[in-house]
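Shown next, in structure tokens, is the structure this report addresses.
All of the numbers you see were taken from the coordinates with simple rules; none came from a lab. Keep in mind that what you see is a predicted model, and the values were worked out from it rather than measured. When we count neighbours, we look across all protein chains shown, and the Cβ atoms used for this are built from the backbone with ideal geometry, even at glycine.
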Amino acid sequence: MLIFAHRGASKAAPENTLKAFKLAFEQDADGIEFDTYQHESGIIVFHDRTLTRRARETGYLLDTPWQSLKQMDIGDGEHIPSLSETLQCVPSDRWCNIEIKHLYDVNSWVEDVKKAIKQSNISTSQLLISSFNHHWLNAITDLWPEIKIGALTASYELDCTASARTLSAYSVNIALDAVNKQFVQTALQEGFDVFVYTVDEPRDMLMLKEWGVTGIFTNLPNVAFNTLSD
């Protein structure tokens with residue numbers, strides 16, 4: 001079962017920072033997951049719409065110039081990274097899940113992601129794009145049909161793979177509170193990988209492993225590695 005570090009090793013280092021991502025790989029994570037916004041200056045890695053929680057600043061992320069954003073301390077002296085900086089810290093044999101929180105132009109988004117990939121060592125085959133906004137994902141697949149799509153959901157719908165089928169997705173990325181064994185079996189039988197978020201308790205990790213889940217997103221990649229290696 002694959003272990004994705006949710007916003008990096010985010011219990012041990014500030015979330016969505018290069019420090020958290022590098023630590024995740026040191027803790028044997030198979031990949032990292034992080035949040036992105038399409039800013040007027042490019043794609044940046046951050047979770048919140050506002051700066052209050054992470055940067056202890058007033059104002060909105062997208063209203064703030066990139067030059068100001070990258071000077072902000074978001075914990076332990078770490079700064080908000082760009083997508084390119086983030087991908088450059090990913091080893092060539094590891095996975096990357098880019099979650100989209102905001103985009104305004106799909107064409108330039110795809111161009112910027114492809115440019116960031118070329119500046120890194122990662123393989124497109126181990127890149128997964130997810131979002132709760134399936135309209136964005138659908139538009140991305142129209143422009144970039146070979147990219148892997150994760151149909152992100154927090155609910156167990158009556159037709160649990162409907163969105164994944166519509167998007168020609170690679171996986172269904174579902175919340176721990178919504179998933180059950182039948183959901184996993186159905187999705188796997190229909191050819192979709194299943195990734196579950198956010199899984200920090202060893203008991204849940206072992207349950208999902210028994211169900212055959214493809215991978216988990218966790219804030220504690222070291223705990224997941226030790227639990228699942230036994």
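Miscellaneous remarks
- Verdict on TRP66 being among the aromatic types (Phe, Trp, Tyr) and under 30 Å from PHE192 (Cβ atoms): no
- Within segment 46-70, the residues that satisfy the criterion of being touching a residue at least 24 places away in the same chain (Cβ under 8 Å) and of a type in the set (A, V, I, L, M, F, W, C) are PHE46, ALA55, LEU61, LEU62, TRP66, LEU69.
- Only one of ASP63, ASP76, ASP35 that is at negative phi and out of contact with any strand residue (DSSP E or B) (no Cβ under 8 Å at 6 or more places or on another chain): ASP63
- The residue that is farthest from GLN88 (Cα to Cα), among those in segment 13-37 that are touching a residue at least 60 places away in the same chain (Cβ under 8 Å) and of a type in the set (Gly, Ala, Ser), is ALA13.
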